[in-house]
Amino acid sequence: MSNTDSPCIGVCSTTYGDKVCRGCKRHYDEVISWNAFLDLEKLQVLERIDQCTSKIAAGFIEVIAKERLIDALHRWGVRYREDDHPLTWALQLLKFADEKINFIAEVGLQAKPDYQSLSMTELCNAIDKALYEHACKQQAE
C-alpha cells in the first residue's frame, strides 16, 4: 500500500449520513475531498488515523512478535502501510483475517487482561467501536 492510497475498505457509511466513516474512520469532508487532496494532505489524514488507531488499540492489545504479525499480514494479503504503527497493522489483520486466526499469539499479538476472554471478532469489534467513538468526538471538536 502506498503512503497516499485511500484507506477506504469499501464499507463507507458517510453515504448514509455518518460524519465519520465506520470503515476507514475518515471524516466526511476527508472522504468527499480525498481525490482533490495533495499528497501532504492525504498523509496528514493517514497519520491522524494511525495515531488514533494505535492509541485506542493499545488499550486492548499489544504486539509481542512484530515478525509474526508481518508474516500474517503477508500470508493473508492484508494491505497495510509500512509507516503505520504495528498496532494499526494488527487491527487491519484482525478485521480481515479474524476467522482464520486460531490464537491471537500465533500472529504476534496478545490481548490485554480485560479482553483475553473475547473472541477475535469480539475483540476486533470492541477496538473498532472505541476507535469510531473517538473519531466522532475528534470530528465534533
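Annotations for the structure displayed:
- Residue among Lys95, Lys55, Lys129, Lys100 that is modelled with pLDDT under 90 and within 12 Å of the chain's Cα centre (by Cα): Lys95
- Tallying residues that are surrounded by 13 or more Cβ atoms within 10 Å (Cβ to Cβ) and within 15 Å of Thr88 (Cα to Cα) within the range 117-133 yields 9.
- Which listed residue is under 23 Å from Ala140 (Cα atoms), in contact (Cβ under 8 Å) with a residue 12 or more places away in the chain and part of a loop (DSSP other than H, G, I, E, B), from Val45, Val78, Val31, Val11: Val11
- Hits in the range 81-102 - residues which are under 20 Å from Ile49 (Cα atoms) and not in a helix (DSSP H, G or I): Arg81, Glu82, Asp83, Asp84, His85
- Flag for Ala105 being in a helix (DSSP H, G or I), in contact (Cβ under 8 Å) with a residue 24 or more places away in the chain and surrounded by fewer than 18 Cβ atoms within 10 Å (Cβ to Cβ): yes
- Test result for Thr88, at pLDDT 90 or above, of a type in the set (S, T, N, Q) and under 16 Å from Tyr132 (Cβ atoms): yes
- Residue in the range 123-132 that is under 20 Å from Cys12 (Cβ atoms), aromatic (Phe, Trp, Tyr), in a helix (DSSP H, G or I) and touching a residue at least 24 places away in the same chain (Cβ under 8 Å) present: yes
- Residue match in the range 64-76 (condition: farther than 22 Å from Glu122 by Cα, of a type in the set (Phe, Trp, Tyr) and surrounded by fewer than 18 Cβ atoms within 10 Å (Cβ to Cβ)): no
- The range 112-122 - residue that is under 16 Å from the mean Cα position of the chain (by Cα) and either not in a helix (DSSP H, G or I) or not polar (S, T, N, Q) (or both) and, of those, nearest to Pro86 (Cα to Cα): Met120
- Residue within the range 55-63 that is surrounded by 17 or more Cβ atoms within 10 Å (Cβ to Cβ), assigned to a helix (DSSP H, G or I) and touching a His at 6+ places or on another chain (Cβ under 7 Å) present: yes
- Selected residue (only one of Asp39, Asp84 is buried (at least 17 other Cβ atoms within 10 Å of the Cβ), touching a residue at least 24 places away in the same chain (Cβ under 8 Å) and among the acidic types (Asp, Glu)): Asp84
- Evaluation of Gln138 against (1) on the phi > 0 side of the Ramachandran plot; (2) surrounded by fewer than 17 Cβ atoms within 10 Å (Cβ to Cβ) (one fails), failing number: (1)
The values are calculated or read from the model by the stated rules, or taken from the named source; none is laboratory data. What you are looking at is a predicted structure, and each value in this text was computed from that prediction instead of being measured. Glycine also receives a Cβ, built like all others from the backbone with ideal geometry; neighbour counts cover every protein chain displayed.
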